[in-house]
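*Asks:* Structure below; questions to follow.
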Amino acid sequence: MGFLRNFNKINKNDVSLAGGKGASLGEMTQSGILVPPGFVILANAFEKFLEESNLDIEIESILDSVNHKELHSVENASEKIEALILGAKISEDLTSEIQKFFDNLGAKYVAVRSSATAEDSANAAWAGQLESYLNTTEENLLDNVKSCWASLFTSRAIFYRFEKKLHKQKISVAVVVQKMVESEKSGIAFSVHPVTQDRNQLIIEAGFGLGEAIVSGQITPDSYVVEKQPLRIIDKNIQTQSRGFYRAKSGGNEWHDIPKEKGKKQALSDKEILELSEKVISIEKHYGFPVDVEWAFEQGKFYIVQSRPITTLRKTEPRLKRKFTKEHAREYSLFRVATWYRAMNQELPKIIGESVEEACAVYRGEDLVEIYYEPIELKRLFGAVIQNSSDKNRMSEKIESFISSFKELKKYFTGEKLLENVEELRQFQERYASIWAYIGVVFMIPALPVDEELKHLAYAARSQTQEYNETPEAVFKEFMEASFPQIKDSARFVLPEEIWSGEIESEDIISKIEERKRGFIFYKNEIFTGNLDDNLEKLGIILEEEESVISGKAEVTENEIKGQVANKGQAKGIVRIVSSTRDLPKVKEGDILVAAMTMPKYLPAMKKAAAFITDEGGLTSHAAIVSREMNKPCIVGTKVATKLLRDGNEIEVDADNGIVRILKK
């Protein structure tokens, strides 16, 4: 039987060997549909790998100990199993066979995708449970194959397996290796409209670049509704796309800015929409059931890179005022806010010769501190980074210096070193302000029109540091609790200067801290408490919450936010903003989950929520697919939900009409 097969040797009856993706790709190849060539490392290869590594019994034992209702139990099991798989070696004979098939494919870049033997079945759409590695090269092929095998046991996949009552069923995983199409345009199509359930309508979502950005909800795509009989376009929703996901020169993927003139155009022409519609209809007819299809367009041709059944169809249905734009919001302490401003105002000029003065932090007495910039300041900053990056060698040296400096500070982040006294905290803040300025630069570089090699260097620096972005807050909190236990619950509202003064527990400072708890504006190293509007009037600042330099402008009406219906229905509940896994425990039964975009690891919270709202994404984003599977109301692509809504807001999700109504703030 062998352990690998080319697509042309696989058909729809081979799900137990090739998994859902592999069997579908083989079936389409054999039926004459234009599919990029490839092969499948069959599920028996994975089982052989487990047996030869003596991992099968150990994994079974770990899974038997899982209580899927307890997140930590799932995560612990996942970490143990993934470490076992990634740490084991693939046998020489299997390695040799994989290499032979790869050589015969004749492709420099391939997509490596997990294909579970229970995936894409009529019972469960895994909706991104397993992994895909685009633009894989020969050098990292085997590592990505093992990562695909390990993805059968990620925490989200284990949770999904238990939720779908598949944990007693034998599930293995095959790996699809497919020649990459360098997509000019890509997207997804449903052969039946997933919201209206109209079987005489199909819907296409399209964007520039790789389709992964659409599937993951990181861009909001165009959407076109097409009537099948007679074949005609009946609705188009055109989005402006400012960036796209493309192949990096050295392999892997990276974001590219899309010129404004191109980005605001319809991604597919009307002729292309109808051509793709015919292909989707032919695939549906071949299988005999509704399908969703992932497609790519390269050099005038449409390629089908994946097809699976739609599993969610139902039987029923005074001084000159300056505007400051809100760019982000975090749970910052005043210590962190002061360090941010020092980084932007004092440390940034040492790197790029420009500083930020016109910026402020606003705290309204809730969880988050909102960071605002005067738009011209940010634009000037971007220009300075571009100009400095023209000297690639000099900027490269600065990034390398940053990495070296970060390694010293990292000792505090990992707990290897502890802050012993106030003087050491002062030194920590000075060094962290310098690091923060560099972090800002390396985060900007990849999104700007600079040298590709420099972008890669910035990406590498980010990958080494970004997991510690929020750690300084924890370091500061731990020091304050140990050194000043009397005010540990108020440490968030203490300025660095007050700590250095040695009078932090004085009556005067304690009184100021209590005022700040009710709200403040931090502007040019000064704190303004009291009425927010009065202070803004005095400072000549207008806060713009619905527009930013980075994400653009949103259109909203009073107490209403509009978006795209992903799954119909209505719900009322309390808003819970989810921006990371740390937020998952706060989502209770009946709450409304609001996120920039959902991810598979949010599934435990999504199970509890009554409805979902996202800033971005389309009808084929993760939130949309899961909402239809769970049959919960869902509105996507609102652009501003996480900015305008706050934890505790009472809202109505009218997903019949695509409207979020704020009932109580």
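The values are calculated or read from the model by the stated rules, or taken from the named source; none is laboratory data. Since the model is a prediction, treat every value here as computed from it, not as a measurement. FYI the Cβ positions are ideal-geometry reconstructions off the backbone, even for glycines, and counts take in every protein chain you see.
*Asks:* Give me a count of the residues in the stretch 463-473 that are within 18 Å of the chain's Cα centre (by Cα) and either buried (at least 16 other Cβ atoms within 10 Å of the Cβ) or in a loop (DSSP other than H, G, I, E, B) (or both).
*Replies:* 4
*Asks:* Next up: I'd like the residue in the stretch 38-68 that is surrounded by fewer than 16 Cβ atoms within 10 Å (Cβ to Cβ) and outside any helix (DSSP H, G or I) and, out of all such residues, is farthest from the chain's Cα centre (by Cα).
*Replies:* Per the criteria, the residue is Asn54.
Listed here are the residues, each with its yes/no results for (1) closer than 12 Å to Ile352 by Cα; (2) β-branched (Val, Ile, Thr); (3) in contact with a Leu (Cβ under 9 Å, 6 or more places away or on another chain); (4) assigned by TED's automatic domain parsing to the domain that holds Glu498.
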| position | (1), (2), (3), (4) |
| --- | --- |
| Leu381 | yes, no, yes, yes |
| Gln387 | yes, no, no, yes |
| Arg431 | no, no, yes, yes |
| Glu453 | no, no, no, yes |
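*Asks:* Another question, then. Could you check the stretch 630-665 and list, in sequence order, the residues that are at pLDDT 90 or above and touching a Ser or Thr at 6+ places or on another chain (Cβ under 6 Å)?
*Replies:* Within the stretch 630-665, Cys634 is the sole residue that qualifies.
*Asks:* On the basis of being surrounded by fewer than 16 Cβ atoms within 10 Å (Cβ to Cβ), at pLDDT 85 or above and touching a strand residue (DSSP E or B) at 6+ places or on another chain (Cβ under 6 Å), does Ile238 make the cut?
*Replies:* Against the criterion (surrounded by fewer than 16 Cβ atoms within 10 Å (Cβ to Cβ), at pLDDT 85 or above and touching a strand residue (DSSP E or B) at 6+ places or on another chain (Cβ under 6 Å)), Ile238 qualifies.
*Asks:* Tell me, yes or no, whether the stretch 489-498 has at least one residue that is closer than 30 Å to Asn388 by Cβ, in contact with a helix residue (DSSP H, G or I) (Cβ under 6 Å, 6 or more places away or on another chain) and in a helix (DSSP H, G or I).
*Replies:* yes
*Asks:* Name the residues in the stretch 59-87 that are touching a helix residue (DSSP H, G or I) at 6+ places or on another chain (Cβ under 7 Å), among the acidic types (Asp, Glu) and at pLDDT below 90, would you?
*Replies:* Passing the criteria: only Glu75.
*Asks:* Having 1 or more residues that are under 21 Å from the mean Cα position of the chain (by Cα) and of a type outside the set (A, V, I, L, M) is the bar; report the strands (runs of 3 or more DSSP E) wholly within the stretch 593-665 that clear it.
*Replies:* 611-614, 634-636
*Asks:* Still on this model: If a residue has to be of a type in the set (D, E, K, R) and within 17 Å of Val293 (Cα to Cα) to count, how many in the stretch 20-55 make the cut?
*Replies:* The number of residues fulfilling the criteria is 2.
*Asks:* Just to be sure I understand, how many residues within the stretch 69-121 are of a type in the set (Ser, Thr, Tyr), within 24 Å of the chain's Cα centre (by Cα) and closer than 15 Å to Leu152 by Cβ?
*Replies:* Number of matching residues: 3.
*Asks:* Same structure, new question: Output yes when any residue across the stretch 12-19 is of a type in the set (Val, Ile, Thr), closer than 26 Å to Trp295 by Cβ and over 29 Å from the mean Cα position of the chain (by Cα), and no when none is.
*Replies:* Scanning the stretch 12-19, I find at least one residue that is of a type in the set (Val, Ile, Thr), closer than 26 Å to Trp295 by Cβ and over 29 Å from the mean Cα position of the chain (by Cα), so the answer is yes.
*Asks:* Now for a different question. In this structure, is Leu381 touching a Lys or Arg at 6+ places or on another chain (Cβ under 6 Å) and either part of a helix (DSSP H, G or I) or surrounded by fewer than 19 Cβ atoms within 10 Å (Cβ to Cβ) (or both)? It would help to see each step written out before you state the result.
*Replies:* Values: touching a Lys or Arg at 6+ places or on another chain (Cβ under 6 Å): no; either part of a helix (DSSP H, G or I) or surrounded by fewer than 19 Cβ atoms within 10 Å (Cβ to Cβ) (or both): yes.
When the stated conditions are applied, Leu381 does not pass them.
*Asks:* Now a separate question. What do you reckon, is Arg342 farther than 30 Å from Ser24 by Cβ, over 28 Å from the mean Cα position of the chain (by Cα) and either modelled with pLDDT of 90 or more or in a strand (DSSP E or B) (or both)?
*Replies:* So Arg342 fits the description; yes.
*Asks:* Something else now. In the stretch 595-602, is there at least one residue being surrounded by fewer than 23 Cβ atoms within 10 Å (Cβ to Cβ) and of a type in the set (Gly, Ala, Ser)? I'd like the intermediate steps shown before the answer.
*Replies:* Within the stretch 595-602, the subset surrounded by fewer than 23 Cβ atoms within 10 Å (Cβ to Cβ) is 596-597, 599-601.
Checking the rest, the ones that are also of a type in the set (Gly, Ala, Ser) come to 596.
Yes: the stretch 595-602 contains one or more residues that are surrounded by fewer than 23 Cβ atoms within 10 Å (Cβ to Cβ) and of a type in the set (Gly, Ala, Ser).
*Asks:* Restricting to the stretch 384-418, give me the number of residues that are more than 30 Å from Ala474 (Cβ to Cβ) and buried (at least 17 other Cβ atoms within 10 Å of the Cβ).
*Replies:* 4
*Asks:* Additional query: Could you please give the count of residues in the stretch 11-37 that are closer than 15 Å to Arg308 by Cβ and not in a loop (DSSP other than H, G, I, E, B)?
*Replies:* So the answer is 12.
*Asks:* Here's something else I'd like to know. Criterion first (at pLDDT 95 or above and not charged (D, E, K, R)) does Thr95 satisfy it?
*Replies:* On the way: at pLDDT 95 or above: yes; not charged (D, E, K, R): yes.
When the stated conditions are applied, Thr95 passes them.
*Asks:* Could you count how many residues in the stretch 545-576 are outside any loop (DSSP other than H, G, I, E, B), modelled with pLDDT under 95 and β-branched (Val, Ile, Thr)?
*Replies:* Residues that pass the stated criteria total 3.
Here's the yes/no breakdown for (1) assigned to a loop (DSSP other than H, G, I, E, B); (2) closer than 22 Å to Glu452 by Cβ; (3) among the hydrophobic types (A, V, I, L, M, F, W, C):
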site: Ala174; (1), (2), (3): no, no, yes
site: Val192; (1), (2), (3): yes, no, yes
site: Ile214; (1), (2), (3): no, no, yes
site: Ile219; (1), (2), (3): yes, yes, yes
site: Ser223; (1), (2), (3): no, no, no
site: Lys236; (1), (2), (3): no, no, no
site: Ala267; (1), (2), (3): yes, no, yes
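*Asks:* In the stretch 553-562, is there at least one residue being over 30 Å from the mean Cα position of the chain (by Cα) and either surrounded by 14 or more Cβ atoms within 10 Å (Cβ to Cβ) or within 17 Å of Tyr332 (Cβ to Cβ) (or both)?
*Replies:* no
*Asks:* Say we look at the stretch 594-616 and pick out the residues that are closer than 21 Å to Val640 by Cβ and in contact with a Lys or Arg (Cβ under 6 Å, 6 or more places away or on another chain); which of these is modelled with the lowest pLDDT?
*Replies:* Filtering first and then ranking leaves Asp615.
*Asks:* Something else now. Restricting the stretch 526-541 to residues that are in contact with a helix residue (DSSP H, G or I) (Cβ under 7 Å, 6 or more places away or on another chain) and β-branched (Val, Ile, Thr), which is nearest to Glu358 (Cα to Cα)?
*Replies:* Restricting to residues being in contact with a helix residue (DSSP H, G or I) (Cβ under 7 Å, 6 or more places away or on another chain) and β-branched (Val, Ile, Thr), the top hit is Ile527.
*Asks:* Read through the list (1) over 36 Å from the mean Cα position of the chain (by Cα); (2) not in a helix (DSSP H, G or I), then give the number of the only condition that Lys512 fails.
*Replies:* Failing condition for Lys512: (2).
*Asks:* Continuing with this model, one more query. State yes or no: is Ala610 surrounded by fewer than 21 Cβ atoms within 10 Å (Cβ to Cβ) and in contact with a Pro (Cβ under 9 Å, 6 or more places away or on another chain)?
*Replies:* Yes: the conditions hold for Ala610.
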